[in-house]
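Just below is one structure, and these are the notes that go with it.
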Amino acid sequence: MYPPIEPYETGKLKVSDLHTLYYEISGNKEGTPVVFLHGGPGGGTDARDRSFFNPAKYKIVLFDQRGAGKSIPTAVLEENTTWDLVKDIERLREHLGVEKWHVFGGSWGSSLSLAYAQSHPDRVKSLVLRGIFTLRKSELRFFYQEGASHLFPEAWDEFVAPIPESERHDMVLAYHAQLNSQDDEVRLRAAKAWSKWEMSTSKLYVDPAHVAEAEKDDFANAFARIENHYFINDGWMRDGQLLEQQEIDKIRHIPCVTVQGRYDVVCPATTAYALKKVWPEMKLHIVPDAGHSSREPGIAKLLVEATDTFAHI
């Protein structure tokens, strides 16, 4: 990854009566524009996200999606859907005077990248995706009900602990009740447990510092509430919509590189493989010694190689 840099511009963009987005721009003012779509949903951006791009070649745009990071109000679920976010990306593009840009996203960011590209294919120069996630019921069931639980039984025990046994047949629904409780203590305990489950399973080698992120009240509250809100509503999409032939046909002409960890249990490789089958023109790298995180060495290396390749477009 490239060395750390600071943004040369930060701003706020009001996208509705309720929501205002935080955005920042770094790199080369005259460079080719790229927009970074963070994960979660609800995860927010991080200063290290700038380092996937050559700052001499790219005009790097990061923003926090509705309710996440420095966007306000925090953790709010109203007016917060996939299609609201797609419209926000277009508003930001227009606000910055960008005609077309590269789109980079991992995990939930890959879902949003696909949704945006399929909605506005004429505005996308290239796609760099990581840890493909498409909100299918089967994907959510694997991670939040039965699948990843078999690989991380001790972390799973902590995840189910706040939920009464009688409600554990539908963990997403059970958490939905607690994450929207009027009791602050109940809500925050659930938020931390939800967030810790994901942080504990995101890397091939579990990183205690990464897991500790889940203990931060503001982060956990936004991350867990917004994620659960999107999942309980199936992303406001048909099951498998992002993988449908007619949707892929809209973006088939866009150059795309996908990087997938072989041992990613948050977003297992089966989804990236399904995308490759319906979109054979896409270049798929499966990293043999990596999990879900974009920070894992093999994944980070290939992501940077992909952005370097597209820098001239």
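Here the calculated FRET efficiency for LEU173 and GLU78, from their Cβ-Cβ distance with R0 = 35 Å, stands at 0.95, rounded to the nearest 0.05. The distance between label points at VAL278 and GLN145 comes to 2.0 nm (points 7 Å beyond Cα on the Cα→Cβ vector).
Each listed q (0.12 Å⁻¹) maps to a log10 I(q)/I(0) for the stretch 44-133 from the Debye sum over equal C-alpha point scatterers, namely -0.36. From the P(r) of the stretch 129-186, could you give the percentage of C-alpha pairs in the tail past 20 Å? Pairs farther apart than 20 Å: 33 percent. Taking the Cβ of TRP194 as the center, what net charge do the other residues with Cβ under 11 Å away carry, scoring Lys and Arg +1 and Asp and Glu -1? Local charge sum for TRP194: +2. Where in the stretch 241-277 does the amide nitrogen come within less than 20 Å of the point 7 Å from the Cα of GLU94, taken along Cα to Cβ? The answer is none.
For the chain, a Gaussian network of Cα nodes joined below 10 Å ranks PHE53, PHE143, PHE152 by mean-square fluctuation, and the top entry is PHE152. Considering only ILE232, ILE251, ILE60, the Gaussian network model of the chain with Cα springs below 10 Å gives its largest mean-square fluctuation to ILE232. If the segment from PHE152 to ASP289 were pulled out straight at 0.36 nm per residue, it would be longer than the present Cα-Cα gap by 47.6 nm. Within the chain, DSSP assigns beta bridges of which about 35% are antiparallel (rounded to the nearest 5). Counting lysine pairs in the stretch 16-162 that sit 8 or more residues apart in sequence, or on different chains, and whose Cα atoms lie under 22 Å apart gives 14.
Seen from all directions on average, the chain presents a Cα convex hull projection of 14.7 nm².
What is the sum of charges around GLN246, taking Lys and Arg as +1, Asp and Glu as -1, for the other residues whose C-beta is under 12 Å from the C-beta of GLN246? Result for the local shell: 0. Listed peptides 198-210, 8-20 appear in the order 198-210, 8-20 once ranked by packing, highest mean of other Cβ atoms within 10 Å at the front.
None of the figures in this text is laboratory data; all of them are computed from the coordinates on show. Because the structure is a prediction, the values reported are computed rather than measured. Methodologically, a virtual Cβ is constructed for each residue, glycine included, from the backbone with ideal geometry; neighbour enumeration extends over all protein chains shown.
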